[in-house]
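The values are calculated or read from the model by the stated rules, or taken from the named source; none is laboratory data. This structure is a prediction, so every number in the text was calculated from the model and none was measured. Note that each Cβ is placed from the backbone with ideal geometry, even for glycine, and that neighbours are counted across all protein chains shown. For the accessible areas, the whole protein counts, side chains as well, though only heavy atoms, and no ligand, DNA or RNA atoms are used. Shrake-Rupley method; radii C 1.70, N 1.55, O 1.52, S 1.80 Å.
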Amino acid sequence: MKKDTERKQMNTPHRREIEFERIINFRDLGGYRTEDGSTVAWRRIFRSGTLHGMTANDLARLRELGLKTILDLRSDWEVERRGRETLLQSGFCYRCVPFAPDDEFQGHGMPTFDGFPGMGEFYVHLIRQEWFGRRIVTALETIARKENLPLVFHCAAGKDRTGILAGILLSVLGVPDEDVAKDYALSTPHIQRLLGRLQHEARMPDEFRKLPEFFWQTPPESMLMLLRAIRDGYGSAAGYLLRSGATPSLIG
């Protein structure tokens, strides 16, 4: 019986979503099948919400996963406000590649969504900015270095900046659009729980109250819109990266 159980466990895929005490929206990007029939490796690249509030048990769990590198996509403003001491003292290699420069914010840490009917349109706007494309390339250069793996990249909630980077990464690896969009949509229950918690706080920050309703939604259509825009404008995710300054070796 014990031998059968071990065999069954060996054949069981890794769990995609990994639970922590204070870290939200953490999951493995491995296991997706690519168009050429291969599979994205498990336990190499993770995506997550912010790690700055991790507990001692959370830190221990990250070490159990063999984590080596934390790639922080938050702006300098966010990092200074929330602090990075926990991340710097964690023992992991820490890298910060801001996906939102401070001058894109309105002095309170939130971007402007005026004129955008949904997050998909906002994502398309972002990837068309030259500075944003360069940041994507810089982040992927960090992810591509084998000595940095296993690695987790994160922003604040782990849905937008993290979602865009995950979407482009999986697309370059050959994962079909539908699976990329499904991975993006896995953030939905986490974001809804986060919103519910914020709404019940006695002093919910004004910057959160002013956000449009669509900000808290992660429908697969938003990611599909982004992927279509990349394909229509640049031919493919690889074409987008090359236009943004990537070397062919990064994509190959």
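Within 15 Å of Glu221 (Cβ to Cβ), open to solvent by 50 Å² or more (accessible area, probe 1.4 Å) and either touching a Leu at 6+ places or on another chain (Cβ under 6 Å) or not small (Gly, Ala, Ser) (or both): does that describe Glu130?
No, not satisfied.
Please work out which residue is nearest to Gln192 (Cα to Cα), limiting yourself to segment 216-226 and to residues that are in contact with a Gly (Cβ under 9 Å, 6 or more places away or on another chain) and surrounded by fewer than 23 Cβ atoms within 10 Å (Cβ to Cβ).
Within segment 216-226, the match that is nearest to Gln192 (Cα to Cα) is Gln217.
With under 24 Å from Ile191 (Cβ atoms) and either of a type in the set (Ser, Thr, Tyr) or at pLDDT 75 or above (or both) as the only criterion, which of Gly30, Gly37 stands out?
Gly30
Within segment 241-252, how many residues are over 18 Å from the mean Cα position of the chain (by Cα) and either under 14 Å from Val180 (Cα atoms) or in a helix (DSSP H, G or I) (or both)?
The qualifying residues number 6.
Within segment 75-86, does at least one residue satisfy the condition of being under 16 Å from the mean Cα position of the chain (by Cα) and either at pLDDT 95 or above or part of a loop (DSSP other than H, G, I, E, B) (or both)?
Yes, some residue in segment 75-86 is under 16 Å from the mean Cα position of the chain (by Cα) and either at pLDDT 95 or above or part of a loop (DSSP other than H, G, I, E, B) (or both).
Could you check segment 240-252 and list, in sequence order, the residues that are small (Gly, Ala, Ser) and either within 20 Å of Pro189 (Cβ to Cβ) or open to solvent by less than 20 Å² (accessible area, probe 1.4 Å) (or both)?
Ala246
Look at Leu170 and say whether it is open to solvent by less than 20 Å² (accessible area, probe 1.4 Å), touching an Asp or Glu at 6+ places or on another chain (Cβ under 8 Å) and closer than 27 Å to Gly66 by Cα.
yes
Within segment 35-65, which residues are touching a residue at least 40 places away in the same chain (Cβ under 8 Å), assigned to a loop (DSSP other than H, G, I, E, B), under 19 Å from the mean Cα position of the chain (by Cα) and farther than 22 Å from Asp160 by Cβ?
Result: Arg43, Arg44, Leu65.
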